[in-house]
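Values in this text are rule-based calculations from the coordinates and carry no lab data. What you see is a predicted model, and the numbers here were worked out from it, not measured in a lab. All Cβ positions, glycine included, derive from the backbone under ideal geometry; neighbour counts span all protein chains shown.
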Amino acid sequence: MKKKLLTMTTLALLAGTTEHLWATDLGAMPGQTNQIVATNTLATGTNTLIKPYPFDYCLISKDKLGEMGKPVVTNYLGQQIKFCCSGCLKDFKKDPDAYMKKLAAAEKKAAAAK
C-alpha cells in the first residue's frame, strides 16, 4: 500500500497534479461524508472537502444502494460516489469522467424536478 501510494504520488508530482488520486487509495474510510481528504498534500499543502453523494442508487447500475449489501464508497475529484458493488467501481474507474458527466446531468435533472 505504501509503495503504491508513493508511486502514485511521485507520478502525480511529475505530472504536476494529484487531482486524480483516489481517496480510497489514500486511506479514506468507506461511508464517511463531508470528510477532509488530503488529495494534494505534497503538491500544495491543501485539503479538499468531499461533497456527499446525493442519490440513493448506484451511479453505474441504477440499483438501489444496499440491495446487494453494503455500498462501495469512493471519492473522485472532491465528489463522493457510491456503488452497489465493487464491479461497478471497476467500471467507473475505466472512464470516470464520463460517469461524472452522468452524475452532473442527474443532479441537474433532480434540481429541475423540485
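For this structure, a couple of remarks:
- For the stretch 63-77, 3J(HN,Hα) per residue [Karplus equation, 6.51 cos²θ - 1.76 cosθ + 1.60, θ = phi - 60°, Hz, x = Gly/Pro]: 6, 5, 5, x, 6, 10, x, 5, x, 8, 10, 9, 10, 9, 6
- Between the amide H of Ile81 and those of Thr74, Asn75, Tyr76, distances stay under 5 Å, these residues lying 5 or more places away or on another chain, with hydrogens modeled in the peptide plane.
- Modelled spin labels at Lys94 and Lys109, positioned 7 Å past Cα toward Cβ, are 2.1 nm from each other.
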